[in-house]
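Asks: Pasting in a structure now, in structure tokens, and then I'll have a few things to ask.
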Amino acid sequence: MTSRRTAVVTGASSGIGAATARALAAQGFHVYCAARREDRVTGLAAEIGGTPVVCDVTSEESVAALAATVGDRLDVLVNNAGGAFGGSPVAAADSDEWRRMYEVNVIGLMQVTRALLPALLASGAGAILNVGSTAGRIAYEGGAGYTAAKHGTQVVTETLRLELWDQPVRVMEIAPGMVRTDEFALVRFEGDQEKADAVYAGVAEPLTAEDVADAISWMVTRPPHVNIDELVLRPRAQAAQHKVHRVL
Ligand SMILES: NC(=O)c1ccc[n+]([C@@H]2O[C@H](COP(=O)([O-])OP(=O)(O)OC[C@H]3O[C@@H](n4cnc5c(N)ncnc54)[C@H](OP(=O)(O)O)[C@@H]3O)[C@@H](O)[C@H]2O)c1
């Protein structure tokens, strides 16, 4: 138990989640750092004075253990765990990859939200921030499994905001465009560094994990009556999904 404001960040073992955990700790939050890789969350929690939680958001049992660790009261939930797997066109889609994307980006987000909602309401001014994507706003070739899942993130966010309209909790979504994190593209292309690097080729300044964390931190620290429904942010070089300024 802690008397400080508390936050749960899922997917805190790398990229945007780790940067968000650091940013919220710098704002005075006690942060529960949740992800599957124990060494990563343990190291981060030690660095920022938080609590590590080994958690697979796709497992109800694991999410129940997260909720038990957090206890009766929680101020902020950042549902960041997610990702893209593969990039085949629909005609050659891998059913298992599609299931995994829906599991982590939609069902995982729902399970963590459902489990932590009582504690968020008990705070009297809770905030739920879902990490969506510009992939939840458009379509692109080879991306249907991920875009479908991230459209799901967006729609679940909107639905939840309607359902909780008379409750003391804000429901928000951030939708980043191109963010250069160490692992996102590498995970998508199963460790193929060349394919991962090609995503960012020639782009002088993609967003960084810290840019997104800074925006998340701003959103959740607005006064309790101010709901930033959705915030879309992209690097200046990315005017739209298909219009990226590259100098090759
Ligand atoms: N990078 C981009 O261009 C970009 C753009 C828009 C939106 N996003 C979204 O931003 C979020 C973070 O992405 P990122 O770029 O920071 O990528 P990342 O470094 O690959 O981070 C993904 C995080 O999710 C965690 N995770 C994956 N499956 C999980 C599970 N079943 N249970 C718990 N945690 C799980 C991973 O940790 P473990 O493997 O340790 O569990 C990792 O910490 C994702 O939702 C992604 O869709 C990324």
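Coordinate-derived values only; no laboratory data. Here the structure is a predicted model, which means the values were calculated and not measured. No Cβ is skipped: glycine too gets one built from the backbone with ideal geometry, and neighbour counts run over all protein chains shown.
Asks: For a quick check: sort Cys55, Cys33 by the number of other beta carbons within 10 angstrom, fewest at the front.
Replies: Lowest count first: Cys55, Cys33.
Asks: Also: Relative to the longest principal axis of the chain, what angle (0 to 90°, nearest 10) does the C-alpha long axis of helix 108-122 take?
Replies: That helix lies at roughly 30 degrees to the long axis.
Asks: Same structure, new question: For Asp182 paired with Glu194, estimate the spin-label separation in nm (one decimal), with each label point 7 Å from Cα along the Cα-to-Cβ line.
Replies: Here the answer is 2.4 nm between the modelled labels.
Asks: Cβ neighbours within 10 Å, averaged per peptide: list 105-116, 182-193 in order, most packed at the top.
Replies: Answer by packing, highest mean first, reads 105-116, 182-193.
Asks: What is the chain's relative contact order, in percent, from Cα pairs under 8 angstrom and six or more apart in sequence?
Replies: 19 percent
Asks: Search the structure for amide H atoms under 5 Å from the amide H of Cys55, placed 1.01 Å from N in the peptide plane, and list their residues when 5 or more places away or on another chain.
Replies: Ala35, Arg36
Asks: Let me ask you something else. Under the rule of at least 5 residues apart or a separate chain, name every residue whose amide H is placed under 5 Å from the amide H of Leu74.
Replies: Long-range HN contacts for Leu74: Leu120, Ala122, Ser123.
Asks: Distance between the C-alpha centers of the range 32-102 and the range 120-193? Whole Å please.
Replies: When both Cα centres are located, 13 Å separates them.
Asks: May I pose another question? About the Cα centre, and with charges only on the beta carbon of Lys, Arg (+1) and Asp, Glu (-1), how big is the dipole of the range 6-244? Nearest 20 debye, please.
Replies: For this selection, approximately 460 debye.
Asks: Work out from phi, with θ = phi - 60° and the Karplus expression 6.51 cos²θ - 1.76 cosθ + 1.60, the ³J(HN,Hα) of each residue of the range 73-87, listed in order in whole Hz, and give x for Gly and Pro.
Replies: 3J(HN,Hα) across the range 73-87, in whole Hz: 9, 8, 8, 9, 10, 10, 7, 10, 4, x, x, 10, 10, x, x.
Asks: Could you sort 68-79, 11-22, 197-208, 134-145 so that the peptide with the highest average Cβ count within 10 Å comes first and the rest follow in order?
Replies: 11-22, 68-79, 134-145, 197-208
Asks: Multiplying the sequence separation of Glu141 and Val90 by 0.36 nm and subtracting their Cα-Cα distance, what value in nm do you get?
Replies: Gain on extension, Glu141 to Val90, equals 17.5 nm.
Asks: Taking H placed 1.01 Å from N in the peptide plane, check which residues at least 5 places from Glu230 or on another chain put their amide H under 5 Å from its amide H.
Replies: Glu173
Asks: Positive end of the dipole of the range 6-244, charges at C-beta (+1 Lys, Arg; -1 Asp, Glu), about the Cα centre: which of Gly191, Ala84, Gln167 has its Cα farthest in that direction?
Replies: Gln167
Asks: Next question. Quick one: if you stick a label point 7 Å off each Cα along the C-beta vector at His242 and Ala204, how many nm between them?
Replies: Inter-label distance under the simple model: 2.6 nm.
Asks: I'd like the orientation of helix 38-48 relative to the chain: the angle between its Cα long axis and the longest Cα principal axis, in ° from 0 to 90, rounded to 10.
Replies: Helix 38-48 sits roughly 60 degrees off the main axis of the chain.
Asks: Arg222 to Ser3: extension gain in nm, 0.36 nm per residue of separation minus the Cα-Cα distance?
Replies: Extra length from Arg222 to Ser3 when fully extended: 76.8 nm.
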